[in-house]
1. For the range 3-46, what are the residues that are among the charged types (D, E, K, R) and under 14 Å from the mean Cα position of the chain (by Cα)?
2. Go through the range 1-60 and count every residue that is of a type outside the set (A, V, I, L, M, F, W, C) and touching a residue at least 40 places away in the same chain (Cβ under 8 Å).
Amino acid sequence: MLIPILIFDVALVAWSLHLMEKAFEHKEFSFMLAGIIVALAAVAMLVVYFLMGHCMSYLLQIS
């Protein structure tokens with residue numbers, strides 16, 4: 001399950017870099033803000049995945 005999530009995260013980071021390049025070219029703040037939000041979404045998805053993985057392994061050890 002980790003491989004599809006990593007592929008999706010790499011795609012999100014590539015998209016955010018593309019948005020930031022467009023922001024730099026057109027000098028638009030909205031593209032830069034969108035790129036930052038997309039990059040933060042990718043990071044948040046990885047954090048939640050690893051937190052849930054540790055939580056599930058902990059819960060399985062208890063029972």
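1. Start the filter on the range 3-46 by keeping residues that are among the charged types (D, E, K, R), which leaves 9, 21-22, 25, 27-28.
The one that is among the charged types (D, E, K, R) and under 14 Å from the mean Cα position of the chain (by Cα): 9.
2. Taking the range 1-60 first, the residues of a type outside the set (A, V, I, L, M, F, W, C) are 4, 9, 16, 18, 21-22, 25-28, 30, 35, 49, 53-54, 57-58.
Add one more test, that the residue is touching a residue at least 40 places away in the same chain (Cβ under 8 Å), and what stays is 49.
Of the residues in the range 1-60, 1 are of a type outside the set (A, V, I, L, M, F, W, C) and touching a residue at least 40 places away in the same chain (Cβ under 8 Å).
Quick grid of which residues meet (1) among the β-branched types (Val, Ile, Thr); (2) surrounded by fewer than 13 Cβ atoms within 10 Å (Cβ to Cβ); (3) modelled with pLDDT of 85 or more; (4) not in a helix (DSSP H, G or I):
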{"position": "10", "(1), (2), (3), (4)": "yes, yes, yes, no"}
{"position": "14", "(1), (2), (3), (4)": "no, yes, yes, no"}
{"position": "30", "(1), (2), (3), (4)": "no, yes, yes, no"}
{"position": "46", "(1), (2), (3), (4)": "no, no, yes, no"}
{"position": "58", "(1), (2), (3), (4)": "no, yes, no, no"}
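The values are calculated or read from the model by the stated rules, or taken from the named source; none is laboratory data. Owing to the predicted nature of the structure, the values given are computational and were not obtained by experimental measurement. Backbone-built Cβ (ideal geometry, glycine too); neighbour counts: all protein chains shown.
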